[in-house]
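Derivation of every value follows stated rules applied to the coordinates shown; laboratory data play no part. Note that this is a predicted model, so its numbers are computed, not measured. Backbone-built Cβ (ideal geometry, glycine too); neighbour counts: all protein chains shown.
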Amino acid sequence: MTIANSTELICFVVLAAVVVLGSLGVVLLSNIVYSAFLLGGVFMAVAGLYLLLNASFVAAAQVLVYVGAVNVLILFAIMLVNKREDLKPVEGLQLRRLLSGGVCAGLLILLVRVVVSTPWAVPGPAAIGEGATERIGEHLFTDYLLPFELASVLLLMAMIGAIVLARRDVLEADVGTGDAVDQGLIEKPSTPLLVDQSTR
Amino acid sequence: MVTNLATAAPALVSPGLDLELSFTQALQGLGLSPQVAHLIWLPLPMALVLVAAIVGVLVTVWLERKISAAAQQRIGPEYAGPLGVLQPMADGLKLLVKEDVIPARADGLLFTLGPVLVLVPVILSWLIVPFGQNLLISNVGVGIFLWISLSSIQPIGLLMSGYASNNKYSLLGGLRAAAQSISYEIPLALSVLAVVMMSNSLSTVDIVDQQNGAGVLSWNVWRQPVGFLIFWICALAECERLPFDLPEAEEELVAGYQTEYAGMKFALFYLGSYINLVLSALLVSVLYLGGWGFPIPVEWLAGWLGQSVDAPVVQVITASVGIVMTVLKAYLLVFLAILLRWTTPRVRIDQLLDLGWKFLLPLSLANLLITAALKLVFPSAFGG
């Protein structure tokens, strides 16, 4: 076995261990801040696995999107609404845990069965390495154009929804409870768009 | 329209000095296998660049002290060595031997991990900084994209240290730092994208090669003046330099996320921010100011003097000139950043976010579209 091969194997074992243990930590830790930070570690380890597969562009995109954007936003949300309140104990917590554990175990058995029974082509197709950036770009602008555009429309919809939910001053009634919003309480830089101006 | 970019990229650049090849060949001449020779070579450029980064920080700290003193009509450090050049070493030594305090109610693990997460991505980004045709650690294909994605890890470290300090100023500083860095990353990436579009490659070496056809006239700054300004503003914001140093605004937040830190952990933040400043200046010079290129192409000079570009002496001189030019351009930008720090007032958080989202983002999008249009209309001038 050459030096390169053994290095690759060691890297794979370490990264795989980080992914598995980190994901378990994300689910099982009771402190949600630890879970969020561990999630970032798991994303980084997945990016490392992409690197091992010689897909450096995908690895860099994974770091940029999942660690730099998704995980930072999760942390942001947790820290902005980090109210220290005692939660009410849920009834039948043990039973719920058993049930969800059972569902997860069933899913795991199903996936293991798929992995074992599929005839994988070993070794897989050769990685194109540095040419991947161009290949991904070509696909995004030709045969994957429609999914790409649909994803951007979906993101736009999510963004508008988030803005409407966050800026209560543009709505007459609270989205959650249906109570009328007291417009006097909200500081506004400009007159709200969606509030009926004729009633005041 | 799908074009094959690999065929469009010119491959007519002289290979220049290849230290790795000569080093591994020398070791193989001593009877070692190519693999072992490669293994011995691997840590050398990394160590060299790490030392270069640290020395760069020491020089920057000294410059900061001296220039701030000049701006305020003081003398600045003068006793530690001639002109006070040893002052940064004294600062570092002081931080090294200082007591390492972890606040009693802080989260010890995250408190320690935070500064590390801030420093490591910045040092890793030096991987792609080229000082010459072959004078960089690794000419990775994703190049400049690697730097953008690595710099997006930093906010996690800042949030982590802000949260773990268990202090309201720290948390606010961490949140501000993360918000600022997310907002300015987008215009930064878009202005880099315009440059990448012109050079048809993400690799920093290709970006510099594409600028060095006609010396100073072919530098990207003439073709991307708006992108250059956007990039520089965003780089200052990413480095949390004044006028964008809100996360550590002394009057409002004590020192932001660094408030509870002392000793070596504080030094890691300090080191990280200065390494980041030098790195940003280096990348501005690589992306917009021709990288290692001399204002008049070295090939022309060699031709006028009747020397072959491939002659060993000319190659060594070319490589040295390249390193000097890269560092010189970067330090001129560092000087500009220091001057800006000591002459401009700090912006408010709403002004900062307005500038980022309502001005720089649309401007960089327009810059990208105009670059694409110009590339289609004038393919020869805009790297078609």
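Where does each of B:358-368, B:263-273 land if you order them by average Cβ count within 10 Å, highest first?
Details: B:358-368: 16.5, B:263-273: 19.8.
Order by mean packing, descending: B:263-273, B:358-368.
Which value at 222 nm does the protein assembly as shown reach when only helices count, each DSSP H run of 4 or more adding -39,500 (n - 2.57), with the total divided by all residues and rounded to the nearest 500 deg cm²/dmol? Please report the intermediate quantities before stating the final value.
Numbers: 25 runs with 370 residues, N = 584.
Rounded to the nearest 500, the figure is -20500 deg cm²/dmol.
List the extent of the Cα atoms of the protein assembly as shown along each of their three principal axes, largest first, rounded to whole Å.
Taking max minus min along each principal axis of the Cα atoms, the protein assembly as shown gives 86, 74, 58 Å.
Packing-wise, with mean Cβ within 10 Å as the measure, how do B:326-332, B:113-119 rank, highest first?
On the way: B:326-332: 19.4, B:113-119: 22.0.
Those peptides, ordered most packed to least, come out B:113-119, B:326-332.
Apply the Karplus parameterisation 6.51 cos²θ - 1.76 cosθ + 1.60, with θ equal to phi minus 60°, to every residue of region A:93-105 and state each ³J(HN,Hα) to the nearest whole Hz, in sequence, with x for glycine and proline.
Karplus-based 3J(HN,Hα) across region A:93-105 equals 5, 4, 4, 4, 5, 4, 4, 5, x, x, 4, 5, 5 Hz.
Report the calculated FRET efficiency for B:Ser380 and A:Ala162 (r = Cβ-Cβ distance, R0 = 56 Å), to the nearest 0.05. Intermediate values should be presented prior to the final figure.
Values: r = 45 Å, r/R0 = 0.80.
Efficiency, from the Cβ-Cβ distance: 0.80.
Quick one: if you stick a label point 7 Å off each Cα along the C-beta vector at B:Ala47 and A:Tyr34, how many nm between them?
Computed distance between label sites B:Ala47 and A:Tyr34 equals 3.9 nm.
Please compute the average number of Cβ atoms from other chains found within 10 Å of each residue's Cβ in peptide B:137-147.
Neighbouring Cβ atoms belonging to other protein chains average 4 per residue here.
Once the dipole of the protein assembly as shown is set up with Lys and Arg at +1 and Asp and Glu at -1 on Cβ about the Cα centre, which of A:Ser117, B:Pro187, B:Gly213 lies farthest towards its positive end?
Going by the charge dipole, the pick is B:Pro187.
Any chance you could give the angle, 0 to 90 degrees and rounded to 10, that helix B:263-288 forms with the longest Cα principal axis of chain B?
Rounded to the nearest ten degrees, it is 30.
Taking the Cβ-Cβ separation of A:Phe12 and B:Ile349 as r and a Förster radius of 51 Å, what is the calculated FRET efficiency to the nearest 0.05? Mind showing how you got there, number by number?
Values: r = 44 Å, r/R0 = 0.87.
Computed FRET efficiency for A:Phe12 and B:Ile349: 0.70.
Quote to one decimal, in nm, the extra length available between B:Leu30 and B:Asn139 on full extension: 0.36 nm per residue of separation minus the C-alpha distance between them.
Numbers: separation 109, 0.36 × 109 = 39.24 nm, distance 2.75 nm.
Additional length available on full extension: 36.5 nm.
Order the peptides A:109-121, A:13-25, B:95-107 from the highest to the lowest mean number of other Cβ atoms within 10 Å of their residues. Walk me through the numbers on the way to the answer.
On the way: A:109-121: 8.5, A:13-25: 14.8, B:95-107: 12.8.
Listed from highest to lowest mean packing, they are A:13-25, B:95-107, A:109-121.
What distance in nm separates the two pseudo spin-label positions at A:Ala69 and B:Leu369, each 7 Å out from Cα along the beta-carbon direction?
2.0 nm
Can you bin every Cα-Cα distance in region B:19-171 into 10 Å intervals starting at zero and give me the percent of pairs per bin, rounded to whole numbers?
9, 22, 27, 27, 11, 3, 0
My understanding is that a pair violates if its Cα-Cα distance is over 24 Å; which of B:Lys66/B:Lys329; B:Lys265/B:Lys329; B:Lys329/B:Lys358 do that in this structure?
Numbers: B:Lys66/B:Lys329 19 Å; B:Lys265/B:Lys329 31 Å; B:Lys329/B:Lys358 31 Å.
Distance filter (> 24 Å) returns B:Lys265/B:Lys329; B:Lys329/B:Lys358.
Can you tell me the FRET efficiency between B:Leu217 and B:Ser320 if r is taken as the Cβ-Cβ distance and R0 is 22 Å, rounded to the nearest 0.05? Let's see the in-between values first.
On the way: r = 23 Å, r/R0 = 1.07.
Efficiency at R0 = 22 Å is approximately 0.40.
Relative to the first principal axis of the alpha-carbon coordinates of chain B, what is the inclination of helix B:154-164, with its axis defined by its Cα atoms, in degrees from 0 to 90 and to the nearest 10?
Approximately 10 degrees, to the nearest 10.
Rounded to the nearest 20 debye, what is the charge dipole size of the protein assembly as shown about its Cα centre when +1 sits on each Lys and Arg Cβ and -1 on each Asp and Glu Cβ?
Values: 28 positive and 39 negative charges, 92 e Å.
Using Cβ point charges on Lys, Arg, Asp and Glu, the protein assembly as shown gives about 440 debye.
Spelling out what I want: for every residue of region B:316-324, take phi, set θ = phi - 60°, compute 6.51 cos²θ - 1.76 cosθ + 1.60 (Karplus), and round to whole Hz; glycine and proline get x.
In residue order, the calculated couplings are 4, 5, 4, 5, 5, 4, x, 4, 4 Hz.
For region A:1-81, what is the convex hull volume of the alpha-carbon atoms per residue, in Å³? Walk me through the numbers before you get to the answer.
On the way: hull volume 5.9 nm³, N = 81.
Given the Cα convex hull of region A:1-81, per-residue volume reads 72 Å³.
Could you tell me which of B:Val36, A:Ala61, B:Leu365 has its Cα farthest along the dipole of the protein assembly as shown towards the positive end, charges placed at Cβ (Lys, Arg +1; Asp, Glu -1), taken about the Cα centre?
It is B:Val36, whose Cα lies furthest towards the positive end.
At 7 Å along Cα-to-Cβ for each site, give me the label-to-label distance between A:Leu98 and B:Gln307 in nm.
Modelled inter-label distance: 8.4 nm.
For helix B:225-238, what angle does its Cα long axis make with the longest principal axis of chain B, in degrees from 0 to 90 and rounded to 10?
40 degrees
Specify which residue in the list A:Leu150, A:Leu165, A:Thr133 is farthest towards the positive end of the charge dipole of region A:129-169, using unit charges on the beta carbon of Lys, Arg (+1) and Asp, Glu (-1), about the Cα centre.
Final value for the positive-end residue is A:Leu165.
Apply the a/c threshold of 1.5 to the C-alpha gyration tensor of region A:129-169 and tell me whether it is rounded, prolate or oblate. Mind showing how you got there, number by number?
Numbers: a/c = 7.35, a/b = 2.92, b/c = 2.52.
It comes out prolate by the Cα gyration axes.
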